[in-house]
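Asker: If you scroll down you'll find the structure; I have some questions about it.
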Amino acid sequence: MKKLFMILGMFLSLSMVAAACGSTIDEVASDAADAAGDAADAVEDAAEDTADAVEDAVTDDEDAMEEEDAMEEEDAMEEEAMADHLGDGSLGQVVVEAGAEVQIRSLNAITGDVAFLGLPNQRGVEQAVADYGDIKGFGVTSGQGLDDLCSADGGQAAAQQIVADEQIVGVIGTSCSGAATAAAPLISAAGMVMISGSNTSPALTSDQQGNAGPDYHVGYYRTAHNDLFQGAAMAEFVYNELGLTSAAAIHDGDPYTNGLADAFANAFEALGGTVTTVVGVAKEDTDMVPVLTEVAAGSPEALFFPIFQPAGDFVADQAPGVAGLEDTILLAADGLLTDGFMELAQSEGMHFSGPDVRFGANTNESTGVSADEFLATYEANNGEAPSAAFWGHSYDATAMLLDAIDAASFVDGDGHLVIDRQGVRDHLNSIQGYAGIIGTINCDAFGDCGSQKITVIKHDSAADIEASKANVVFEYAPS
Amino acid sequence: MTAAVRVKGAPRTGVDWFLLLLRVLLIGLIVIGLLAFIAQQIDPGNAFAKWTHDGEEASRLTWPQFRGLIVTGLSQGAMYGLIALGYSMVYGVLGFINFAHGEVFMVGAFTGFIMSTKFDEAGWWDGWIFIPVILFTILVCTLVATATAVIMERVAYRPLRGSPRLIPLITSIGVSFFIQNAVILLFGPGAKGYPPNPEWLEETIPGLGIEVKKLLVIIVAAISMAGLWYFVERTKTGKAMRAVAEDKEIASLMGIDVNRTIVTTFAVGGAMAGIAGILWGILFKSVIATTGFLPGIKAFTAAVVGGVGNLGGAMAGGVSLGGAEALAPLMLLEPLGVEGPSQLRDAVVFTLLILVLLVKPTGLFGERLSAEDRA
């Protein structure tokens, strides 16, 4: 009996601890639920309020098509629906019944350590769908946001779920290049398209010399930059601006980090600098002293580690304590350009490269929404500013996909919307001079559509992250 | 375990030759790697170094770098040793591997996270008040980890007492998943950051070149181990534990409460893991629900390397494992021309395990098993 009481007592004390700590979680959860509810309301409101605006948008679309394809437009004048769309039917068609919705999906990293990157992407997709309105009288839905888990496993599992649903036309995602390498082949083979707002690995598109990357698949597009440009930007900054001639790079084996570290190393050597070490760490490593000592043996003046949290925390924290790295300049990329990392004391004084997010008055030509308007809606819906930089890229990607669906579809005699899968790809392939929130978008032959503008910022104070994000010390645009 | 050693005079079979070859190969690689390391420290441009580094000169390690590796290896190894004690003691008494022990360590680190965040909000995680605060935090982490281990024993393992050994082993894997997911449910799946350490803790001791926090970790670990040794070897309860480990039936005939002794074993092992947990937090300032997994596996390896059931062995195993993990990539692999040797850290650890088992199947300091296990 006494023992029973002892055990009960222990359970009681444990559950009290759990309750004390659990309350904050509940609060967060209920806040999130509220926020989600608000978002849903806002979407409905937006849909009602902008019923007129939608008509305008549709007219705009037709205008855009006129400019792009005068021949198509002539056919359209004949009012023969069958001829009024892109595509030859070679990849099959999606038939949307009257009253049903056009199905697209968001596939982003929305849980785990990288949720800071995926959540703004998903919300960008949802806002674009709401702003865009109907396609030929048919509503559009991005359904339940899918999770790529920022891993190849997650990307593959979600892609299998997507390709099993033949109503889905295209996917906006993934967030992580690692997930895309697994998802892209499946999406491509199913005849769907995939436009990512934040994949940056060169392997997913091309080497910019006309050779497809090892993980390129037809039907893959992205509005994010190719990391060959980010690597080149960082290399130019280190070599020309900082005037340093030796550098090392650390990656974590992920396609994104690996590709960027290599791109930086190659560009830095091409400029005439010396790359002392390019080495990998494991994502779950905590003790970085051995690997940093390996780096220190080459005495680099700069250390570029385009990795994620938490591994990045440990590198930044432990590097100054390793003999030979005390004065080495620490640099990171957009994976660590997050509030969670920049709040840490050890990130002070570092430089970060990332996409140029000074969107100013840029406006998406399909929805007519400007960057400022987007951000106002975003903050109203979610109660916070976007936690990562790629919301605009995801927004433009979604608008481009919906434009493509519009261009590749017709309403048949039974009132069904028929979408030609090949036509969607044809439209995306032909995009040139598209005005998006991120700037002018041109798609090349391997799906690279981004504006490729990169900025480097200097992070002076962990207490004022916003000031650091605006503290642009170097800009890069491909020549 | 003894099956791996050939009986004297018996003819060598193919397997024996293979094992012999493996032993010679591994030891040969270590010797060559060490010699190459020494050679390139003396002359980075020697012929062998040039051959392994594609014609370029090797780079020397400076003394501060070398010292940094040793210190990081020691502090990491001290934590492995603390965790390994729990594995070793439970194995010694009950004869099964408690795979959930890594989670006890994680619970300790999480308790430290909660305490340190609260103290930081109160402004007590800084300056000199940090010293009493950290002692109190260590105490609470120890108590919570102990409670976790004891509840684990009561709920999951005691009902299985007397069943075949495989059953508690599998149960322990289940317990491990249960605790991990319970923590995810309570705190979410993301990494939780400790508040910044007081500045004096991050400083380097002049002359010695050791960071204060690493010294703190090593000292606290050493005190805990010494305390445990005193408890097991010099107190009556410790004597009872050793008696139960030796032979449960005879111990109970001698009037020892076996169940109570087993609970004590779990409690003491849990306490050591709890201390390791808070030290981990101070050193790395970050904890996540899966924090216990890899250190748990490494600590288990350390327990086997040192000799299962042997407390001194577990400590020495932990320290040597931590040291090997820190030093081997740059002292053995890099001189042999392996690219990116630090990525092979985990491989080094488990190769070390294989090597120890090949050369000395009972671990460096010998197993201490109960009568029924030896039979």
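The values are calculated or read from the model by the stated rules, or taken from the named source; none is laboratory data. What you see is a predicted model, and the numbers here were worked out from it, not measured in a lab. We place every Cβ from the backbone using ideal geometry, glycine too, and count neighbours over all the protein chains shown. All accessible areas refer to the heavy atoms of the entire protein, side chains included, with ligands and DNA or RNA removed. Shrake-Rupley method; radii C 1.70, N 1.55, O 1.52, S 1.80 Å.
Asker: Before anything else, pin down the relative contact order of chain B: Cα pairs under 8 Å, at least 6 apart, normalised by residue count, whole percent. Don't skip to the answer; put the middle values down first.
Answerer: Working: 580 pairs, mean separation 121.2, N = 375.
In percent, rounded to a whole number, it is 32.
Asker: Can you give the FRET efficiency for B:LEU208 and B:ARG161, using 1/(1 + (r/R0)^6), R0 = 51 Å, r = Cβ-Cβ distance, to the nearest 0.05?
Answerer: Efficiency at R0 = 51 Å is approximately 0.55.
Asker: Right, something else. Would you calculate the separation in nanometres between label points at B:THR117 and B:THR62, each defined as 7 Å from the Cα along the Cα-to-beta-carbon direction?
Answerer: About 3.9 nm separates the two model spin labels.
Asker: Once each part is reduced to its C-alpha centroid, what is the distance from segment A:417-467 to segment A:287-326 in angstrom?
Answerer: 32
Asker: Which order do B:GLU153, A:GLU301 take by accessible area at a 1.4 Å probe, largest first?
Answerer: The residues order as A:GLU301, B:GLU153, largest area first.
Asker: For chain B, modelled as a Gaussian network with Cα springs under 10 Å, which listed residue fluctuates most, B:VAL93, B:VAL287, B:VAL133?
Answerer: B:VAL133
Asker: Also, I was wondering about something else. Any chance you could list P(r) for the protein assembly as shown, counting all Cα-Cα pairs in 20 angstrom bins from zero, rounded to whole %?
Answerer: Per 20 Å bin, starting at zero, the Cα-Cα P(r) for the protein assembly as shown comes out as 14, 40, 32, 13, 1, 0 percent.
Asker: Something else now. What does DSSP give for the protein assembly as shown in terms of the percent of beta bridges that are antiparallel, rounded to the nearest 5? Could the numbers behind the result be given before it?
Answerer: Details: 25 of 54 bridges.
Once the DSSP bridges in the protein assembly as shown are tallied, antiparallel ones form about 45 percent.
Asker: If I model segment B:78-374 as equal point scatterers sitting on the Cα atoms and use the Debye formula, what is log10 I(q)/I(0) at q = 0.13 Å⁻¹?
Answerer: -0.92
Asker: Next up: Taking all protein chains as present, what is the carbon and sulfur share of the accessible area of segment B:78-374, in % to the nearest whole number, probe 1.4 Å?
Answerer: Whole-percent figure for carbon plus sulfur exposure: 69.
Asker: Please arrange B:VAL232, B:VAL263 by accessible surface area, largest first, computed with a 1.4 Å probe and ligands excluded.
Answerer: The most accessible residue leads, giving B:VAL263, B:VAL232.
Asker: Quick one: accessible area per residue over the protein assembly as shown, 1.4 Å probe, rounded to a whole number of Å²?
Answerer: Normalised by residue count, the accessible surface of the protein assembly as shown is 42 Å².
Asker: Report the calculated FRET efficiency for B:LEU169 and A:ALA345 (r = Cβ-Cβ distance, R0 = 51 Å), to the nearest 0.05.
Answerer: My answer for the efficiency is 0.70.
Asker: Show me the helices of chain B, taken as full DSSP H stretches, that run 18 Å or more along their long axis by Cα and average 0.0 or above in Kyte-Doolittle hydropathy. Could the numbers behind the result be given before it?
Answerer: Details: long enough: B:14-42 (42 Å, 2.12); B:63-94 (45 Å, 0.88); B:101-121 (31 Å, 0.41); B:130-152 (32 Å, 2.49); B:166-187 (32 Å, 2.05); B:212-234 (32 Å, 1.42); B:258-284 (39 Å, 1.48); B:293-306 (20 Å, 1.48); B:311-328 (24 Å, 1.10); B:345-359 (21 Å, 2.41).
Helices meeting the span and hydropathy rule in chain B are B:14-42, B:63-94, B:101-121, B:130-152, B:166-187, B:212-234, B:258-284, B:293-306, B:311-328, B:345-359.
Asker: Moving on. Could you work out how much longer the chain between B:THR235 and B:LEU336 gets when fully extended? Use 0.36 nm per residue separation minus the Cα distance between them, nm to one decimal.
Answerer: 31.4 nm
Asker: Another question, then. Provide, in order from the shortest bin, the percent of all Cα-Cα pairs of segment B:42-92 in each 5 Å bin, continuing until the bin that contains the maximum pair distance.
Answerer: Binned Cα distances yield the sequence 5, 17, 12, 11, 12, 11, 9, 8, 8, 6, 1.
Asker: Then there is this: Which far-off residues, 5 or more places away or on another chain, put their amide H under 5 Å from the one on A:ILE431, with H placed in the peptide plane?
Answerer: A:CYS443
Asker: Let me have the relative contact order for segment B:1-157, percent, based on Cα pairs under 8 Å that are six or more residues apart.
Answerer: 12
Asker: Which links in A:LYS283/B:LYS298; A:LYS458/B:LYS118; B:LYS239/B:LYS360; B:LYS118/B:LYS213 stretch past 25 Å when you go from one Cα to the other?
Answerer: A:LYS458/B:LYS118; B:LYS239/B:LYS360
Asker: I would also like to ask the following. If I model a spin label at B:ILE131 and B:ARG12 as a point 7 Å from the Cα along the Cα→Cβ vector, what separation in nanometres do I get?
Answerer: In this crude label model, B:ILE131 to B:ARG12 measures out at 6.1 nm.
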